[in-house]
Amino acid sequence: MKTNILILKLTILTNFAFGQNKLIKDIDSDGKKDTIFINIKKTTIICNLSTLNYKSISSKPIGLLNFSSGVKSTKNGFEFFNDWMRSGYKNQFKYNSKTKKIQLIGMSRYEFGNAYNDGSGESSVNLLRNYYIGNWNYYDMDKGKLINIPTIKTKMKFKIINIENFSEETYFDYAEKCAELYNIYKEIMINKK
């Protein structure tokens, strides 16, 4: 009986948390409303565009989909966000009228780091310009304080990613490249001491 109640509570919580994450907006700029939502069972982002006769276009499965995930409107399209307790990321999508596809145009991420906030910060990458900006910190055990790494500005290139080939691997690839830059710049800061 307790198991059934727990399952019911989780189902209600899931429906409440994700049920509000349906976006109705003209994404393809044809004057007709389109629909973007997260399919909870398949853990995918679904887009139904009027220019494609509302045929469903789906991302690949997002295995680590959290309760505080969803989609929201942006100036030029929509954003998919996926937040955890101490970290999260956002992905910005825009309809490309030339290719007639929904293209990933930007990504951002944040982390609060460990208890000392070591590794805390945020970054973003503009995929149309291949431009990365990162603001990160590390904890200096000798000084007993959090040190700001100067803002990292550099090129970061990705292949063109459309909604059909978007998955959590897209984010993990970005996070890995970001971590490599963090470690390089942290090492530079440590060697300056």
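The values are calculated or read from the model by the stated rules, or taken from the named source; none is laboratory data. What you see is a predicted model, and the numbers here were worked out from it, not measured in a lab. Ideal geometry is used to build each Cβ from the backbone, glycine not excepted, and the neighbour counts take in all protein chains shown. When the accessible area is computed, the model is the full protein with side chains, heavy atoms only, and any ligands, DNA or RNA have been set aside. Shrake-Rupley method; radii C 1.70, N 1.55, O 1.52, S 1.80 Å.
Between ILE133, ILE152, the distinction of being touching a Leu at 6+ places or on another chain (Cβ under 6 Å) and touching a residue at least 12 places away in the same chain (Cβ under 8 Å) belongs to ILE152 only. Residues that are closer than 20 Å to ASN162 by Cβ and out of contact with any Asp or Glu (no Cβ under 9 Å at 6 or more places or on another chain) were ranked within the range 83-123; the one that is surrounded by the most Cβ atoms within 10 Å (Cβ to Cβ) is MET107. Of GLY70, GLY144, all but one fail to be within 30 Å of ASP30 (Cα to Cα) and either touching a Lys or Arg at 6+ places or on another chain (Cβ under 6 Å) or not charged (D, E, K, R) (or both); the exception is GLY70.
Among the criteria (1) modelled with pLDDT under 95; (2) surrounded by fewer than 21 Cβ atoms within 10 Å (Cβ to Cβ), the one SER69 does not fulfil is (2). Residue check: is TYR182 under 16 Å from GLN92 (Cα atoms) and touching a Ser or Thr at 6+ places or on another chain (Cβ under 9 Å)? So TYR182 fails the test. Across the range 35-65, the qualifying residues are those that are over 16 Å from the mean Cα position of the chain (by Cα), farther than 19 Å from SER97 by Cα and not basic (Lys, Arg), and the one among them that is modelled with the highest pLDDT is ASN39. Exactly one residue out of GLY144, GLY134 is small (Gly, Ala, Ser) and touching a helix residue (DSSP H, G or I) at 6+ places or on another chain (Cβ under 9 Å), and it is GLY134. Just one residue in the set GLU168, GLU164 is under 25 Å from PHE93 (Cα atoms), among the charged types (D, E, K, R), in contact (Cβ under 8 Å) with a residue 40 or more places away in the chain and in contact with a Pro (Cβ under 9 Å, 6 or more places away or on another chain); that residue is GLU168. Comparison of TYR138, TYR116 shows that the only residue that is over 17 Å from the mean Cα position of the chain (by Cα), more than 26 Å from LYS75 (Cα to Cα), in contact (Cβ under 8 Å) with a residue 24 or more places away in the chain and part of a strand (DSSP E or B) is TYR138.
When restricted to residues that are outside any loop (DSSP other than H, G, I, E, B) and crowded, with 18+ Cβ neighbours inside 10 Å, the range 158-167 contains 1. A single member of LYS192, LYS155 is modelled with pLDDT of 95 or more and either open to solvent by 20 Å² or more (accessible area, probe 1.4 Å) or closer than 22 Å to LEU65 by Cβ (or both), and it is LYS155.
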